[in-house]
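Derivation of every value follows stated rules applied to the coordinates shown; laboratory data play no part. The structure displayed is predicted, hence computed values, not measured ones. Neighbour counts are summed over all protein chains in view; Cβ atoms, including those assigned to glycine, are modelled from backbone coordinates with ideal geometry.
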Amino acid sequence: MSAYLITGANRGIGLQLVRQAAATGETIYAGARKPDEAEALAELAKLSGGRVKIIQLDVGDEASITAAAKALAGEPIGTLINNAGIMGSRNTALQMDPAEFMDIMRVNVLGPVLVTRAFLPNLRAAPGAKVAVVSSLMGSFSYETTSYIAYSTSKTAVNRMFNSLARELAGDGIGVAILSPGWVRTDMGGPNATLSVEESARGLLREIARTDASLSGKFRDYAGAKITW
Ligand SMILES: NC(=O)c1ccc[n+]([C@@H]2O[C@H](COP(=O)([O-])OP(=O)(O)OC[C@H]3O[C@@H](n4cnc5c(N)ncnc54)[C@H](OP(=O)(O)O)[C@@H]3O)[C@@H](O)[C@H]2O)c1
């Protein structure tokens, strides 16, 4: 195996992914939009003996993505986890604000695609590399809802993008994992969610690791269950 790159690593599911991945002994590049404010991540990095390295990475900002990729040029990355995401307001299609819709699409759809493109040389340098996107059950047409429609639409769209990427990257032997983390107790999921970050992150890391050609591009949850598009 080789290094991990995890976006949105300063809190929530991302922070826990860093914590558990660091326990494997690999190097973890932990992306944070505002490293100066990432206190919990900085503490984890301090205790990791140099294995957890914080990098500035705003997935909604192309210049930030380019700078991060330049900083890590030549470093093989075996696992890229596109975890960063925003939910926005609970508005329906009739209510939603166009500017907020575009922000959500930029961060949740374009961001993971541009990050994956930017770090493709790093993934190609790591035999058997995996790239994952943390999607959501709300992106499935089986989840019938009218609220949070911009968020739901962004997750449907990123699923389509990563399903396509799976075909594009098959020749490189790179597995593409499209995963719902479950309903998780974070700032986004809220206190009533059914899963702890520990359980969700453990499942996500296990499912990413077992993403071979037969699972690449499929939509699954943190426990490995298939989700319909
Ligand atoms: N929690 C759930 O129940 C649940 C369910 C389904 C899917 N998900 C998905 O799981 C992922 C993680 O969610 P979470 O529950 O951990 O959410 P969270 O607690 O709200 O954390 C979101 C993370 O994304 C980061 N982020 C937001 N915009 C960013 C940007 N432009 N560039 C880089 N980082 C950015 C945040 O950084 P800042 O602190 O800088 O804002 C934070 O680290 C998301 O993709 C979410 O859609 C979560």
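Quick notes on this structure:
- GNM result for the chain, Cα springs below 10 Å: residue of 187, 58, 172 fluctuating most strongly: 187
- Links that overshoot a 27 Å alpha carbon limit, given the list 46/218; 34/70; 53/226; 46/226; 34/155; 53/218: 46/218; 53/226; 46/226; 53/218
- When the chymotrypsin sites (Phe, Trp or Tyr not before Pro) in segment 89-150 are filtered for DSSP coil states and for at most 11 other beta-carbon atoms within 10 Å of their beta-carbon, the remaining sites are 141.
- Centroid-to-centroid, using Cα positions, segment 1-60 and segment 119-144 are 18 Å apart.
- GNM result for the chain, Cα springs below 10 Å: residue of 27, 92, 156 fluctuating most strongly: 92
- Net +/- balance of residues flanking residue 175 in space, Cβ distance below 15 Å, scoring K and R +1, D and E -1: +3
- Take every Cα pair under 8 Å whose residues are at least 6 apart in sequence, average their separation, divide by the length of segment 163-229, and the relative contact order is 39 percent.
- The charge dipole of segment 3-221, taken about the Cα centre with unit charges on the Cβ atoms of Lys, Arg (+1) and Asp, Glu (-1), comes to about 460 debye, rounded to the nearest 20.
- Theoretical ellipticity at 222 nm over the chain - DSSP helices of four or more residues, -39500 (n - 2.57) apiece, nearest 500: -11000 deg cm²/dmol
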